[in-house]
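Asker: Below is a structure I'd like to ask you about.
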Amino acid sequence: MESFSTLQEALNQKDREIERWKTGYDNEVFRKFVGRFAQLAREFTKDIEDLGEDENTAIRALEQNRELLIDALEECGVTEFQPNLGDDYVSAFGIDDNPRQEPTVNPKENRTIAAVLYPGFQLETPDGPEAILKAQV
């Protein structure tokens, strides 16, 4: 009976491990799926900024499409986020690997976030937020 209990506990432990891996895989597939929508939302933002003042109809259409896309992302648990200005970009959450660097005369401002060019998108997971599209600073 003791051997059976030991084997059953080992099987239960393996089942829990497989379930944990499966959940991680499912999260990764979902993260990639919604990541494409987050990239599309960012492209809408860039297109809106690139349009001149004369294209008001196009701007309104892009803004409406972007809002619909943001709403769809939020329904999937994906939200926009912006890093805090003044934070160290090396240790801040969800920062793109290649930040745009501006010269400064104050050494205390080195490696600090001076501006957010484009917000990032994060997925709320049981383990906390995960950046699916990093912010550009």
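Asker: Can you give the accessible area per residue of region 29-136, in Å², using a 1.4 Å probe?
Answerer: Heavy-atom SASA per residue in region 29-136 reads 67 Å².
Asker: Taking R0 as 41 Å, what FRET efficiency do you get between GLN101 and ASP71 from their Cβ-Cβ distance, rounded to the nearest 0.05? Kindly include the intermediate steps, with their values, before the conclusion.
Answerer: Values: r = 35 Å, r/R0 = 0.84.
So, using R0 = 41 Å, E works out to roughly 0.75.
Asker: Next question. Round to the nearest 10 and give me the degree value, 0 to 90, for the angle of helix 2-50's Cα axis relative to the longest principal axis of the chain.
Answerer: 10 degrees
Asker: Show THR112, THR6 ordered by accessible area, largest first, where the area counts protein heavy atoms only and the probe is 1.4 Å.
Answerer: THR6, THR112
Asker: Give me the angle, in degrees from 0 to 90, between the Cα long axis of helix 56-75 and the longest principal axis of the Cα atoms of the chain, rounded to the nearest 10.
Answerer: 20 degrees
Asker: Give me the percent of accessible area attributable to carbon and sulfur for the chain, probe 1.4 angstrom.
Answerer: Here it works out to 51 percent.
Asker: Divide, for region 59-137, the radius of gyration over alpha carbons by 2.2 N^0.38 Å, where N is the residue count.
Answerer: Dividing the Cα Rg of region 59-137 by 2.2 N^0.38 Å gives 1.28.
Asker: Considering only the chain, what is the antiparallel percent among its DSSP beta bridges, to the nearest 5? Before the final figure, lay out each step's value.
Answerer: Details: 11 of 12 bridges.
The answer is about 90 percent antiparallel.
Asker: If every alpha-carbon in region 1-129 counts as one equal scatterer, what log10 I(q)/I(0) does Debye give at q = 0.09, 0.11, 0.21, 0.23 1/Å?
Answerer: Debye intensities relative to I(0), on a log10 scale: -0.46, -0.61, -1.20, -1.28.
Asker: Just tell me which aspartates and glutamates come within less than 20 Å, Cα to Cα, of LYS108; anything on the same chain fewer than 8 places away is out.
Answerer: ASP87, ASP88
Asker: I need to check one value: relative contact order of the chain, counting alpha carbon pairs closer than 8 Å and at least 6 residues apart, in percent.
Answerer: 23 percent
Asker: Label 7 Å along Cα→Cβ of ASP47; region 65-105 residues with amide nitrogen under 15 Å?
Answerer: Zone members listed by number: 65-70.
Asker: How many percent of all Cα-Cα pairs in region 28-80 sit more than 18 Å apart?
Answerer: 35 percent
Asker: Of LEU11, LEU40, LEU85, which has the largest mean-square fluctuation in a 10 Å C-alpha GNM of the chain?
Answerer: LEU11
Asker: By how many nm would the segment from ALA61 to LEU7 lengthen if fully extended, with 0.36 nm per residue of separation less the alpha-carbon distance?
Answerer: Between ALA61 and LEU7, full extension yields 13.2 nm more.
The values are calculated or read from the model by the stated rules, or taken from the named source; none is laboratory data. Everything numeric in this text was worked out from a predicted model, so none of it was measured. Cβ coordinates were reconstructed from backbone atoms using ideal geometry, including for glycine residues, and neighbour counts include every protein chain displayed. In case anyone asks, the SASA skips ligands and DNA or RNA and just uses the protein heavy atoms, side chains included. Shrake-Rupley method; radii C 1.70, N 1.55, O 1.52, S 1.80 Å.
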